[in-house]
1. Can you check what the Kirkwood hydrodynamic radius comes to for the stretch B:121-247, Cα pairs only, in Å to one decimal?
2. Just the Cα atoms of the stretch A:175-226, one point each, no solvent: what log10 I(q)/I(0) does Debye give at q = 0.21, 0.29, 0.30 Å⁻¹?
3. So which trypsin sites (Lys or Arg not before Pro) in the stretch B:405-464 pass both tests, a DSSP loop state and at most 12 other Cβ atoms within 10 Å of the Cβ?
4. Under 5 Å between amide hydrogens, which residues at least 5 positions from B:Ala193 or on another chain qualify, with H placed 1.01 Å from N in the peptide plane?
5. Dipole size in debye (nearest 20) for chain B around its Cα centre, Lys and Arg Cβ +1, Asp and Glu Cβ -1?
6. Taking the square root of 5 times each eigenvalue of the Cα gyration tensor, what semi-axes in Å does the equivalent ellipsoid of the stretch B:330-410 have, largest first?
7. Calculate, for B:Asn245 and B:Leu365, the FRET efficiency according to 1/(1 + (r/R0)^6) with r their C-beta to C-beta distance and R0 22 Å; round to the nearest 0.05.
8. How shielded is A:144-152 by partner chains, expressed as the average number of their Cβ atoms within 10 Å of its Cβ atoms?
Amino acid sequence: MIRNVILGVVVLALLGACSVPTRTGPPAPIVSAPAPGQGTAPASATNAPRDGEAEAASVYPYEAPSTVAEAPAGMPDGEPEDTATAADTSPASEAADSADTSTEDETQVAYAPDQAETPSLSPAAEGLMREAEQQRQSRDYPGAAASLERALRISPQSAYLWNRLARVRLEQGLYSQAQNLAARSNALAGEEASLKRDNWSVIAVARRRTGDIVGATEAERYARGG
Amino acid sequence: MTIFFHGRRCAARAVAVAKTRKRPGTNATRRRPSTRAPKGKTRRARRRRSVWPFLLRWGVLTALALGLAVFLYGLHLDRIVRAKFEGQRWALPARVYAQPLELYVGRPLTPAQLRGELERLNYRAAASPERAGSYAINAERALVRTRPFRFWDGAEPGRALEVGFADGQISRLRDASSGGDLALVRLDAALIASIYPTHNEDRVLVRRADLPDLLVETLLAVEDRSFFRHIGVDPRAIARAGWRNLRAGGVVEGASTLTQQLVKNFYLTKDRTWERKLNEAYMAILLERRYSKDEILQAYANEIYLGQDGSRAIHGFGLASRFYFNRELDELSVAETALLVGLIKGPSRYNPKRFPERAVERRNLVIDLMVSGEVISRQQASAAKDAPLGLREGGGRPTGEYPSFLQLVRRQLQRDYREDDLRSEGLNIFTTLDLLVQSQTESAVSERLPQLDSARGFSEGTLEAAAVVASAGQAEVLAMVGGRTSGYAGFNRALDAVRPIGSLIKPVIYLTALSQPERYTLMTILEDRPVSLRAGDGSRWEPKNFDHKLHGSVPLYRALVRSLNLATVNLGLDLGVREVAQNLRDLGVMRRFPVVPAMLLGSVSLTPLEVTQVYHTLAAGGFRSPLRAIREVVDAEGRPLNRYPLAVEAVADPTAVYLTTWAMQKVVLEGTAQSLGRRLPDGMTMAGKTGTTDGLRDSWFAGFSGDKVAVAWVGRDDNRPAKLTGSSGALKLWGDIMIGIDNQPLLALAPPDVERVRVDRTNGLLAGPDCGRGVTVPFAQGSAPGTRSGCGSPASPAQVAERSDGKAQRSQRDQSRSRDENLFLPGY
């Protein structure tokens, strides 16, 4: 009887130890009565940032490809997970992305021959573009992407720069991004036929790698000029 | 989750302990003596002798069990203590940089703007700049010695630059020492703040060595006399306090050591139960075992809560001395130190700004304690007591000068990075903030709001505003203003003010329609007729136009241009409210909203930043990119922590977006935003939409140029009517912002499957070139009307050729952007 009591005490003590509510975040901001004229909004605002959920995260969740150069496998292509997109990629393509990592490098260049002609850009953008090209050749993909983004800040409506960025993403294995960027380039390309064909070939390769054979065939037809 | 997990582990331990308890086979032997029947004396002897071992054994086992329990509990607490303490350590802050100014020939920049940027970078004006960080500037040319700067993607060397200006642009960029032309140069990035990314509040970090002796001794004298001697809890202090409290009949003295107070700070709620106190005591002991006295003192000095500045808490002596006295900690006098230490007991109760008498009383008490603790002499004490409070304004301002933008940066950091990474010392955070655009936005807000206040007869300061500017190509947030008082870290309306968007939703409805070119074109006739829908609760929803009139049959684009409610609702109901809602989500809205017909007139509530996200997708031709405030985060060794690369997703048909943009540009030219259209310089085109809500409570304008998208909101915090429509309020502010910064005109190139057709304005049918009622409207290929309206002479063969063979025509002029082809310009 006493034994049971002691047993119970020990068990309760240990269980009680585990039920201490602990805070798992930084100290909460002190919320005081709002200053006159501010309304009740400040009280909720200071507590909002912790969630990151729909209420406070007014910029929607961003998934940056963090290990872009090394492990494209399973890495999100910069798209939020929970939006049903109207984009070209099917849900199966994301799984295909992660499965298909090993052999992307050498095959890309072979499949998507570079057809775009180099247009005339401002000297600043052109310098960056050349630098990006060098970086791409030496497989410094994050560097190439950064140079291209910098160039895009100078000439945001240059379809050629978008095309270059699409190629970099393709070589990184970020297929849905490559498709989207190529589509963006197409939307800005106007009548530059060679550039558009190049974009379509990028899209074709990306679709083929993600398993969308029908779409890939169609894209290849456009890439040939048909 | 953690508690559950711990619970399971502890339960497992409990079971294990219970099992070990059962294992010694004493049970059987214990029971057996009681069932046997010993005889006479031997029985009594045995029983008497058997009590002590019995008790001893059980006592030892109980003590062991309890000891084990306490020990295991201690392990658990120790882990918590370590996690919390490491988390509270204030290491080197992360440095936050704005976008660097990039210089290249052709970049729009005036000498004044360059001077402003150089001043922000703390460059010195010199007659002939020799040293890095100096410049000389006049109306035509600037000589700058730039400082070298390490960006994440490479180092930018220091240079001697010669910049030539002409026509508001950079006309020449040369390296003054070598004489060669330079294609592109980055100035060093401006440091806008030092923040602690894992915390929402900031500190002015003081190290143990920086703590003045006076402060430390005062602190000990007042709060914890034997700090350097005790083990975390001070039993003598507890006894003494208990005795004094008993005598006084209430709580007059606290017994918490500094360590215990520090531990108390780890907890979220402030309940003072026995359980909590015991936990704190235990944790204090553990803390003392792990960390040295100096470390604990340093953490305490940086953590202790000392006051409130609006919604911002003041923690730590470093920040408090700046906040109350606008002085550094080592400059404080005896009286000022005493005041700060006195605040520990009750920062609100003894708040010197609100209760000066109480504060003085408390301060004097502390001074007495300093005397009795032999920290200061009696003469010093009496001099200090005579001193006034000595409060000075202006110190301890929140991080940097761009608190609204920094709040966004913080949120993105905490959302997208691991906390461990953010705790590394010396991070460099490169953001997208464009200081030129930010300063223009801030000055626009501060100048326009008082004008709006007086125009509506409000007292100064009634109206509030928010504005966000982002780049249309890169989805980078260039500027953010969260309220009319820039630099004040209060409620950030751009991030957090959730307001109904009103007519801002209309472009989404029209986009949905135009995405079905077989059903709707820009000239489709809509009926602006009354709508009456039964709501769920039996009431009827009967919206009205703003002017309470009915406009009959209107072409689709005119309904958007004039923001006709009834026509829009009819269109939306035809399309289906769900379709429109899905489209709104595709464009980038993450917040939940009720999918009801009232949504068609903007009962959806969003923040200005969320609206910017939606309009950015429109500005980018139907390509959604998440808005980002951070470009790169780099650790102290220059290794990138993570990158925010540009990510793009096609969510809307580019042709439909082009058509919608055309209609939105008409809004600016001839619709509800005409006043903006009249202000635009020649050749500049912008598209947008006004938004007004019920009772004129919210005034919105959202729009974009070729390379920038901006949203402005004006309203009242207390949600009373602001008496402003979108065009009389937010539009003016928006115009001030956008006209003051550089923009590229809207893209003149239409997507290849758009054709321009001249149609009759009244009935949407083909019109001849000399038709007075004609207007050139873009159509998706194959959706243009086939029949002629009879207005104007029949189309000439050339015109017919143009319509059906637009490709040939366009290929000749595809690269040029002359006025003739720009459908966005007035005249079309």
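1. Result for the stretch B:121-247, one decimal place: 20.4 Å.
2. Each listed q maps to, in turn, -0.63, -1.07, -1.12.
3. Answer in residue order: B:Arg418.
4. Here the answer is B:Val96, since their amide H atoms fall under 5 Å of that of B:Ala193.
5. In total the dipole reaches around 6900 debye.
6. Whole-Å semi-axes of the equivalent ellipsoid: 31, 13, 12.
7. Efficiency, rounded to the nearest 0.05: 0.80.
8. Per residue, the number of nearby Cβ atoms from other chains is 4 on average.
The values are calculated or read from the model by the stated rules, or taken from the named source; none is laboratory data. The model shown is predicted, which means the values in this text are computed figures rather than measured ones. Every residue, glycine among them, receives a Cβ derived from its backbone with ideal geometry; neighbour counts consider all protein chains shown. Just so you know, the surface numbers come from the protein's heavy atoms only, side chains and all, with ligands and any DNA or RNA stripped out. Shrake-Rupley method; radii C 1.70, N 1.55, O 1.52, S 1.80 Å.
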